[in-house]
């Protein structure tokens, strides 16, 4: 465990100084999500020294920690109390922090069955673009006082403020876990996953690689035994390592130089795009390795009411995120200005426009 | 009051402007026709609107908002009017926009487990329409027979199953919203996430301040195979509070975990005969759902925990009828209060669960201070309190005392690290307490967000987020780090 340190006022001073000089800041903690999105313009603002657990009471199911706290430390602490981040965040490197995870709203294999990072955010403390330290939400499960700016900040890639602390709902770890593997065409596998998701089955992850479907079950021994009867397949050995590799994009599928697209779709949608696919989240998340033009891939996703993001590529794309319709882009700019009137934070990190 | 000052047109001119594009049966302007809209579920506050409209199409909503935007007429949107914080209280110089005619289910997609509905569709009607597919919509506010999905989104409504299944914000995918200038926007997607900022989350619980919700796509979830309830009685409220923490600490996430204190038990039992032990200081209702086997395991564990925490009696529902009976008393707790007291005032704070015993004790002290009885029902699993303050509005001063008592309770919730509203919203009811919970800089940030959507502040003005001036008058300002709050304002 590294030393706990509250650097809130140092960070606030840096922001105030940057505002006075109108000098944009590029927020950085562990740097493991640097590949995501666009390159931010500005002087680096480091958060790694702002770290440590602020509050954790396992029986409250709430953990509050500073943004620069390593994700792995928090997961170790939770595991000691038989608890977890139910959104199963990918790390993409040993230095991954809580702040980066929330800023990027990254979630892993359990997302379709438990919720995304943003779903577990209960409250945040931020420095806004006026250099003020503000607190929104709190450490309680239900809170509808004021606009939900904590969730707005989650996934905003640091463009709306510097996240200082985050309070998250945590959950008990499942008592038992079992992964079942079977051979199926991707289309049949997606059909099955959609049918199973409409039934009360304890599914906690799914992955379709080629013609192989893996389904993870989590719950009581008796519930798993019963669900196995419905789902079928063989028990996968070393399943924890398999899901870790899926989460961290270490499966063979993720190798090679082709651009990797992250396509978010209604789960039952049939995606007709040239390239190799890996499917997670019961069908709702499609990883696509493809050299097809961006417009084609985006049009295919949009046709089903979804969207496509260029997740990794050899050459950084000027437009990794799915473009927004003009009225929505205008609103984004106004929201950005409301939080960061001088355009100090992570300028251009999401879209070139703000 | 709006920033743009008074409307530039009077009632007659507004009606004439609306008639240019709306059929007559969409516009209400006679006093007797406007009366039904004068209040929502917080009936202590009443105001007849200048004009009410009941449009049928999104285009009509856009046109209405454009006219009001141009003429500086404030607009209050309204669903079923079941809200408990006065969020739909009209303005005397404003237009009341009822979404009551938007009551169609537009699309059910069982394969993707979603339903696209208009905002005036009732919460329960969604689950009823999903039932043939073995699916339902999880958030179940106690008003679910009457309340509509548009209002649920505007308030981020909860219910008794939130701990396991989440609030409205966790159970919707996409919204269509018309902003004050008549622009139709879509937030969210048919997929699990959408590009850009999470405006879906921002709009949820925004209390009609940012836009008018005209369509909602909800997520549907499979009905659990089985659900059973453990009813445990305690001779001591603090033991019951400790049992709540003990259940959670063992790693069980109950579908519902509710608590009632003795006055609430007595009132409910007299009304619906659920078989509650009327001598108990508190009861806990713990619902467990899932596969039959998993529920049987959990029932055993929960019963053992209750006994270990000092429960004087524990019963487990044997069948659906008994489960419904156990819940009936809890679900009818509010009307049950209506039978024993001429009026009651229900508040809605949330606290960290560990402070439950302290807060309960203090609530009773506040009751004695203001000379009013308080009965308590809680969503104990979420730490969400619903103290019901019993009073008689016909006795001079009692309403004011009830409101003061409610204010004391909410202030206490903030002091122990909680919030002034868990699920009912701020509305007009808790607008002063917002000054207890947030600093001037935080309130200003909310106003800036509001201005990004509605720069003229015409949507639901005077609700949800207080102006700094109001906080200064209320005097309920908290001082951060020795700084005088609102230094920019005169003291008076």
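FYI, it's all coordinate maths here, none of it is from the lab. All values derive from a computational prediction rather than experimental measurement. FYI the Cβ positions are ideal-geometry reconstructions off the backbone, even for glycines, and counts take in every protein chain you see.
Taking other C-beta atoms within 10 Å as the exposure proxy, B:470, A:22, B:457, A:316 rank A:22, A:316, B:470, B:457 from fewest upward.
Please give the calculated 222 nm ellipticity per residue for the protein assembly as shown, where each DSSP H segment of at least 4 residues contributes -39500 (n - 2.57) and the sum is spread over every residue; nearest 500 deg cm²/dmol?
Numbers: 28 runs with 270 residues, N = 846.
Rounded to the nearest 500, the figure is -9000 deg cm²/dmol.
Extension gain, residue B:29 to residue B:66, is 11.4 nm, computed as 0.36 nm per intervening residue step minus the present C-alpha separation. Counting only other chain Cβ atoms within 10 Å of each residue's Cβ, the peptide A:116-125 averages 2.
Among DSSP beta bridges whose residues both lie in the protein assembly as shown, state the antiparallel percentage, nearest 5. All intermediate terms of the calculation are to be shown ahead of the outcome.
Values: 117 of 130 bridges.
Roughly 90 percent of the DSSP beta bridges within the protein assembly as shown come out antiparallel.
Rounded to the nearest 5, the antiparallel percentage of DSSP beta bridges internal to chain A is 90%.
The angle separating the long axis of helix B:356-370 from the principal Cα axis of greatest extent in chain B is about 70 degrees. The calculated Kirkwood hydrodynamic radius for chain B is 23.7 Å, given to one decimal from all distinct C-alpha pairs. Each principal axis of the Cα atoms in chain A has its own extent, and those three values, largest first, are 63, 49, 36 angstrom. Relative to the longest principal axis of the Cα atoms of chain B, helix B:262-272 runs at roughly 80 degrees. With the highest mean first, a sort of the peptides A:129-135, B:320-326 on other beta-carbon atoms found within 10 angstrom per residue produces A:129-135, B:320-326.
Going 7 Å from the Cα of residue B:101 along its beta-carbon direction, which residues of the range B:214-234 have the amide nitrogen within less than 18 Å of the resulting point? Residues B:214-215 qualify, since their backbone N sits under 18 Å from the label point. The angle separating the long axis of helix A:71-80 from the principal Cα axis of greatest extent in chain A is about 60 degrees.
A simple spin-label model places pseudo-atoms 7 Å from Cα toward Cβ; at residue B:44 and residue B:321 they are separated by 4.2 nm. Between residue B:273 and residue A:326, what is the spin-label point distance in nm, taking each point 7 Å from the Cα along the Cα→C-beta axis? A separation of 6.8 nm, rounded to one decimal place. Considering only Cα atoms, the convex hull volume of the protein assembly as shown works out to 159 Å³ per residue.
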